[in-house]
Amino acid sequence: MRPLTATTTITATTVERAFGLPCRHLWRHSFLFLTLPLFAQQLTVLPPSTELTGPEARQQLIAEATIGERQEDWTHATQWSSSDPKIATVDEHGLVRPAGDGEVRITARAKGVTSTAVVRVKAAHAPFQWTFRNHVIPVLTKMGCNSGACHGALAGKNGFKLTLRGYDPDADYATLTRQSVGRRVSLADPPASLMLAKPSFAIPHGGGKRFAQDSLEYRVIAEWIAAGAPPPAPTDAEVRALEVFPPAAVLAPEAGQQLVVRAHYSDGHTDDVTRWVKFSSSNEGVATVDDWGHVKMNGSGEAAITLFYSSRVLYSRLTAPFPNQIGAGAYERFPQHNFIDGLVLEKLRSLHIAPSKLADDATYLRRAYLDAAGILPTSEEVENFLADTAPDKRAKVVDRLLERDEFVDYWAYKWSDLLLVSTRRLNATAMWAFYDWIRDSVRKNKPWDQFAKEIFLSSGSTRQNGALNYFVLHKDPIDLSENATQAFLGQRIMCARCHNHPLEKWTQTQYYQMANLFARVGVKNGTVAGENIVFAKTSGDVLHPRLARPLPPTPLDGQSIALDSPEDRRAVFANWLASPKNAMFARTIVNRVWANFMGRGLVDPVDDVRATNPASNEELFAALSKDFVEHGYDIQRLIRTIMTSSVYQLSSEADATNQADNIYYSKHIVRRLSATIYSSLRGMA
């Protein structure tokens, strides 16, 4: 739809729809019609195209309206129609079902506007059979049967144990069909099966009623049993990716929004799996979501609605701007020194939050010294800085700080803490060798990818190469794998040691493939006291505890190598780790550095950079990470970019619009001094 102009005929209905207020409240603002364009309603059907494969396929469509900067869900106020009901039908709620092979257009009409979506139908009358892996397990997961609070608990419930969220379909199949004298699945009389009778409450069930006998959940399990309860097969299609509609939206407070989730499978087909997805909200004060993916906005701010299905995770980002009246000048007056400022301002503008004023010179100087070097400026340095009238004096302070020995000491301590350097697990010789290597790396401003590679690509004496003491600290492959992923990738994969990760996409299989990369690291005593020799062994594997066999060594989301490959497995890990294609590596260190200066990571906690823990400003996070990689993983350049931004220089004094904001960097976050800084300041005293 084209924007309305001052010459457009404007009706009362048009005005009310554009502003969301009755005309009686708008007459006094009629000058707006001469100065600002009004935007007509636009309607979009989501997803815009879809393919239904098989007689049981279905797709929920959403009628998403856009009015200015805001979206509205008009799905249930829309008239839906199909261009050919013999190919696909659509009900009054926008749910499309197949009727015959071919292609149709589904049309949505609402409030005087229309939009269409293309639907292609394949194999509408082909034989169909529910599968245990892709249909029965999702039903059990959505109904909570295999959750940690029910039969997915470590010891199960009442003698019945399933794997947590169905991470092992083969084991679950054996449990359901072979245990309890076969009563859980009755091929002769499907309704008598305990896995139907108990959750439908046909007989008493400690977990209560989970679904009705006339529900799709009941039908999936009943028809699977009636078909002979076929087991999971190696040829079953696997979920490769999830897609959510809408992926992001700006909504009004108290608005509702339906989400639709589509799964992409290894055989090329897609399915609407919204009904089987587990939903949760990152901020229930802003938005809550029910079991069926319907979101209710509760307040102003931004919330990520996380989606979990078949060990895949994704999120939709929904925003409700604050009810603040802010003039454009509040943003235009804000000085933009680099891309950080522009991206933060864009976020603040979308939320209707104004930035605080810039901090005064004395405050900035103290902040810069503490954040960059863990020290306070001397009285002479303060006087000289305050007397300096050069417009670039703050940038010059940053440059001088990066050259100081205290800067090197401070960041050497930080990276030593990250890598767990201490005398608790290292002798004094090894500890100092490791620390000296870290400090020399900071002094040389060694690129972060080179810093990581030197740890994982080296062999030899731990006295001559201090980085090798990392393998003395972490001798066990499991410990080594978990520490490396948390320190360098921001991924907490420990849960996947026993089962698929309940909050992330990592599976138990991926966990042991990753751990097997470190199974051939050898450590032996050297020729002198305090020395160890690190070398690559030619044999050794980590066994998967359930399969009782080793799995091909594979980095997370990386390429496998053969179990009998002679290649040093650490080199495989190092080259994947520091590759520009591995976004987790750059994002993790960028987040750590950002948190040091800004008081809070773009992702918080700072070492939990998982897909279901989204950034408060994803556009900024992506831009910082991209810039970091493109400029050679230069830590000092990253620090300089942050410290010279106006966002870093903001005052901690709040204004009327940002008093409650500690997420979007509209003001500087007040925080306690770290233990490292506090100790150094006491030493100075």
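A simple packing score, the average count of other Cβ atoms within 10 Å per residue, orders the peptides 90-97, 602-609 as 602-609, 90-97, with the highest score first.
Dividing the C-alpha radius of gyration of the stretch 159-263 by 2.2 N^0.38 Å, with N its residue count, gives 1.38. Positive contributions from Lys and Arg (+1) and negative ones from Asp and Glu (-1), summed over other residues with Cβ under 15 Å from the Cβ of K142, come out at +2.
For the stretch 378-513, the pair-distance distribution built from all alpha carbon pairs, in bins 5 Å wide starting at 0, is 2, 9, 15, 17, 13, 11, 10, 8, 6, 4, 3, 1, 0 percent.
From the square roots a ≥ b ≥ c of the eigenvalues of the alpha-carbon gyration tensor of the stretch 571-647, which class results: rounded (a/c under 1.5), prolate (a/b over b/c), or oblate? Note, shape of the stretch 571-647 comes out oblate. With Cα atoms defining each centre, the stretch 607-676 and the stretch 320-344 are spaced 15 Å apart in the structure.
If DNA, RNA and ligands are ignored and the probe is 1.4 Å, what is the ranking of H544, H125 by accessible area, most exposed first?
Numbers: H544 0, H125 150 Å².
Of H544, H125, the descending order of accessible area is H125, H544.
The per residue volume of the convex hull around the alpha-carbon atoms of the stretch 119-197 is 132 Å³.
Give, rounded to the nearest 20 debye, the magnitude of the charge dipole that the stretch 134-282 has about its Cα centre when Lys and Arg contribute +1 at Cβ and Asp and Glu contribute -1 at Cβ.
Working: 15 positive and 14 negative charges, 130 e Å.
Computed about the Cα centre, the dipole is about 620 debye.
Size of the stretch 205-259 from its Cα atoms: along the principal axes, largest to smallest, the extents are 50, 34, 20 Å. By accessible area, using a 1.4 Å probe on protein heavy atoms only, the chain has 52% of its surface on carbon and sulfur.
Over the stretch 152-242, what relative contact order in percent results from Cα pairs under 8 Å that are six or more residues apart?
Numbers: 84 pairs, mean separation 16.5, N = 91.
Averaging sequence separation for qualifying contacts and normalising by length gives 18 percent for the stretch 152-242.
Taking a ≥ b ≥ c as the square roots of the eigenvalues of the Cα gyration tensor of the stretch 308-429, is the shape rounded (a/c under 1.5), prolate (a/b larger than b/c) or oblate? Taking the square roots of the gyration eigenvalues as a ≥ b ≥ c, the stretch 308-429 is oblate. Averaged over residues, the count of other Cβ atoms within 10 Å places the peptides 583-589, 290-296 in the sequence 583-589, 290-296, highest first. By the Cα gyration tensor, the chain has an equivalent ellipsoid whose semi-axes, rounded to whole angstrom, run 47, 41, 20 from largest to smallest. Mean sequence separation of contacting Cα pairs (under 8 Å, at least six apart), scaled by the length of the chain, corresponds to a relative contact order of 9 percent.
Counting Cα-Cα pairs of the stretch 291-356 in 5 Å increments starting at 0 gives whole-percent bin shares of 4, 14, 20, 17, 14, 12, 9, 6, 4, 1.
Could you calculate the FRET efficiency of H76 with R333 from 1/(1 + (r/R0)^6), where r is the beta carbon distance between them and R0 is 56 Å, rounded to 0.05? It comes out at approximately 0.80.
What does the net charge come to around Y511 if you take all other residues with beta carbon closer than 12 Å to its beta carbon, with K and R at +1 and D and E at -1?
Values: positive: R492, R497, K505, R546; negative: E482, E504.
Surrounding charge for Y511 is +2.
In this calculation the C-beta distance from S652 to H264 is compared with R0 = 51 Å, giving a FRET efficiency of 0.65. Summing charges over all other residues whose Cβ lies under 14 Å from the Cβ of D84, with Lys and Arg as +1 and Asp and Glu as -1, gives +2.
Bridging of K505 to lysines at a Cα separation below 20 Å is possible for K142, K278, K581, once same-chain residues fewer than 8 apart are set aside.
Of the residues G540, I455, V398, the one whose Cα sits farthest toward the positive end of the charge dipole of the chain, with +1 on the Cβ of Lys and Arg and -1 on the Cβ of Asp and Glu, is G540.
Summing -39500 (n - 2.57) over the DSSP H runs of n ≥ 4 in the chain and dividing by its residue number, what mean residue ellipticity at 222 nm do you reach, to the nearest 500 deg cm²/dmol? Could you put the intermediate results ahead of the total?
Values: 22 runs with 214 residues, N = 685.
Computed mean residue ellipticity for the chain: -9000 deg cm²/dmol.
Kindly identify the stretch 207-326 as rounded, prolate or oblate by the Cα gyration tensor criterion: order the square roots of the eigenvalues as a ≥ b ≥ c, call it rounded if a/c is under 1.5, otherwise compare a/b with b/c, prolate if a/b is larger, else oblate. Taking the square roots of the gyration eigenvalues as a ≥ b ≥ c, the stretch 207-326 is prolate. By a 1.4 Å probe calculation restricted to protein chains, W80 has an accessible surface near 30 Å², given to the nearest 10. With no solvent and one equal point scatterer per Cα, compute the Debye intensity ratio I(q)/I(0) for the stretch 603-677 at 0.22 Å⁻¹ and report its log10, rounded to two decimals. Cα-only, vacuum Debye calculation for the stretch 603-677: -1.29.
Kindly report the accessible area of the chain per residue (heavy atoms of protein chains, probe 1.4 Å, no ligands, DNA or RNA), in Å². Don't jump to the answer; show the numbers that get you there.
On the way: 31070 Å² over 685 residues.
Accessible area per residue: 45 Å².
The values are calculated or read from the model by the stated rules, or taken from the named source; none is laboratory data. Not measured: the values here are computed from a predicted model. Cβ sites come from the backbone with ideal geometry, for glycine too, and all protein chains shown count toward neighbours. Ligands, DNA and RNA are excluded from the accessible area calculation, which covers all protein heavy atoms including side chains. Shrake-Rupley method; radii C 1.70, N 1.55, O 1.52, S 1.80 Å.
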